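Enquirer: After the structure tokens below, expect a handful of questions from me.
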Amino acid sequence: MADNNNTLLDIKDLRTYFYTDAGVVKAVDGVSFDLKKGETLGIVGETGSGKSITALTILGLIAIPPGKIVSGYIDFDGQDLLKLKQKQLQKYRGNRISMIFQDPMTSLNPVFTIGNQLMEAILAHQKITKKQAYDKALELLDMVGMPDIRKRMKSYPHEFSGGMRQRAMIAMAIANSPSILIADEPTTALDVTIQAQILELVEELKNKTDSSVILITHDLGVIAKYAERVLVMYAGKPVEFANVNDIFYKPYHPYTMGLIGSVSKLNEEKKERLKPIKGTPPSLIDLPEGCTFAPRCRFALDSCRLSYPPNIEIEHGHFVSCFRSKEFYSGSLSRL
Amino acid sequence: MLYYIIKRILQIIPVIIGITLILFILMYVIPEDPARLILQKGATPQALANLREKMGIDKPIYVQYWRYVTSLAKGDLGISYRYRRSVNEILAEHYPNSIKLAFAAIIIETIIGIIAGIISAVKKYSFLDILVTISTTILVCIPVYWLGMLLQIGLGLKLGWLPMSGMGDGSIKYYILPAITLASVSTAFVARMTRSSMLDVLSNDYIRTAYAKGLSNNRVIFKHSLKNALIPVITYIGIDLGTLMGGAILTETIFAWPGVGRTIYLAILQRDAPVVIGGTIILVLIFVVINLIVDILYATLDPRIRFGGGEANY
């Protein structure tokens, strides 16, 4: 998929499995995508679709065992991250690639001050004095819109509100001006008003530092607003990958259509009922035969249950895994 | 903080009143006449009556109790029936020995216990982890007096490496066997607690954050995990220190250690009420004070704990 040298990250056929007593959990099963410089890429899917595990695999934060990366490569700046040892990966983590986690309540260490944790992130990768790191930390807190920064440096996480903690997390993540910022559902645990502020902040910092962002969310509204390209995941597999307009206006996968149909729209004249996707996601241990979405798909044919559909490029830069996508494309099958 | 400490110290007063009351009644109920105990057989009734009056034990119990409490307030623990010496003196003589032994045991349990626990947690399911698990299980199961005797026979009698009993000149070799014996069960507990606490902490989100920052494994374990993991372990060690300082009756008896546990034990056998009550009061005091110190230490380890209704918000 990497078609030019503007590509920063290129992931091919990534498979991360977990070997548990109950069986093999195929958390990420054949994910491929690329990330361009300065781009915001959205990864969307339900809980358990493998979004977070994909992100953690990029950073090498999967516990092995029980986890295992079965196949694939993660090409970052010409280096396959999967081939690196933990010691070498440390130099990338928090430095070239950093991550903001879902729950700021639990993601900060309760027994160290914000200043301590922030300076630690700086000193882990920059050879500067403590005093310089302190000044840099103040600068970062100011950048993420923290009020009263000198006092805040000495505060502990429990003295912060959720939004403030997430700002502190972001300050930590951008401490070393990373090329890629992975935001794993950064606003799920926050109030709606704070959500917008945090996302605006991420967007603003992205533009300021010229980095790329991987935005993981299950909120299509967030995707529509911030992402340029979107990867839709279902049960560990990438089902559709395209630019944001195509995903919303010309989806070729019934799952994507279902996601869009299950969101309320303000501009609709008729008060239509929302159309939820029937059923629940399958267990990752016991996946159905054939297309994993077939049991919930209103377009599914008998042949869909025999084998998994190949990932095809149906239009330029628009990838989809569905046997009936060609019928949607030709118009012989209506999306409605 | 200061307010909290003062409050905690004032709380000791009702505890002391309760303890003296219970012990006083218990010792009073025992049908043993201290005067007869002192003068022994063959004393004339007149001599016994005289002594009773002199000691004040002919008075009703509430009068005796009031007298005891008022002199206690002045720091006087009374006179031993058996030795005719001040209880303060007797305890002052024996307490330092118990405290020294307690510290020796605490040092052993802290160092060995925590190190074993960390290794066990970090190298989960490895040979070392299994070794620690098995040896701690065995240690917890072995009765203290039996372990003490085995050590005496093995290292003391058969090999002759270490003295078997007593304090001798107080040099370090006299401490080794009793301290190991005293620390055995607690060392196993500390190791197991450190292991489970550490494993618990390592599964936290903030540990993942620490790794995501690009910190080294050692830094994540020794900085981010250990401080969190040690909070419950410190509490246990603190309470254990309080317990050990009260003297270890079994260990002190086996090793003929001239400590306070043995003194109180002998005093109970001899119905020597002032020594029993006085010794227990000091024991309680030390226990309460150490608990207070542990709680303060706790707050420095865990900033979320605020004293006296602070600004903590969750």
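Enquirer: Can you name the residue in the range A:93-118 that is more than 7 Å from every other protein chain (Cβ to nearest Cβ) and part of a loop (DSSP other than H, G, I, E, B) and, of all such residues, is nearest to residue A:155 (Cα to Cα)?
Expert: Applying the filter and picking the extreme gives A:113.
Enquirer: Only residues that are β-branched (Val, Ile, Thr) and either under 27 Å from the mean Cα position of the chain (by Cα) or at pLDDT below 85 (or both): list them for the range B:64-90, please.
Expert: B:69, B:79, B:87, B:90, listed by residue number.
Enquirer: Please verify whether residue B:124 is in contact (Cβ under 8 Å) with a residue 60 or more places away in the chain, charged (D, E, K, R) and surrounded by fewer than 19 Cβ atoms within 10 Å (Cβ to Cβ), treating the condition exactly as stated.
Expert: Yes; evaluated as a whole, the condition is true for this residue.
Enquirer: Something else: Within the group A:107, A:98, A:32, which residue is modelled with pLDDT of 90 or more, polar (S, T, N, Q) and surrounded by fewer than 23 Cβ atoms within 10 Å (Cβ to Cβ)?
Expert: A:32
Enquirer: Run residue A:77 past the list (1) on the phi > 0 side of the Ramachandran plot; (2) in contact with a His (Cβ under 9 Å, 6 or more places away or on another chain) and report the number of the one that doesn't hold.
Expert: Exception for residue A:77: condition (2).
Enquirer: Something else: What number of residues within the range A:141-175 are within 13 Å of chain B (Cβ to nearest Cβ), buried (at least 17 other Cβ atoms within 10 Å of the Cβ) and not hydroxyl-bearing (Ser, Thr, Tyr)?
Expert: 15
Enquirer: While we're looking at this one, here's another question. For the range A:70-92, which positions are in a strand (DSSP E or B), of a type outside the set (Phe, Trp, Tyr) and surrounded by fewer than 21 Cβ atoms within 10 Å (Cβ to Cβ)?
Expert: Once the filter is applied, which keeps residues that are in a strand (DSSP E or B), of a type outside the set (Phe, Trp, Tyr) and surrounded by fewer than 21 Cβ atoms within 10 Å (Cβ to Cβ), the range A:70-92 yields A:70, A:71, A:72, A:75, A:79, A:80.
Enquirer: For the range A:47-56, indicate whether the set of residues that are under 20 Å from residue A:7 (Cβ atoms) and either within 11 Å of chain B (Cβ to nearest Cβ) or touching a residue at least 60 places away in the same chain (Cβ under 8 Å) (or both) is non-empty.
Expert: Yes, because at least one residue in the range A:47-56 is under 20 Å from residue A:7 (Cβ atoms) and either within 11 Å of chain B (Cβ to nearest Cβ) or touching a residue at least 60 places away in the same chain (Cβ under 8 Å) (or both).
The values are calculated or read from the model by the stated rules, or taken from the named source; none is laboratory data. Just so it is clear, the model here is predicted, and its values are computed rather than measured. No Cβ is skipped: glycine too gets one built from the backbone with ideal geometry, and neighbour counts run over all protein chains shown.
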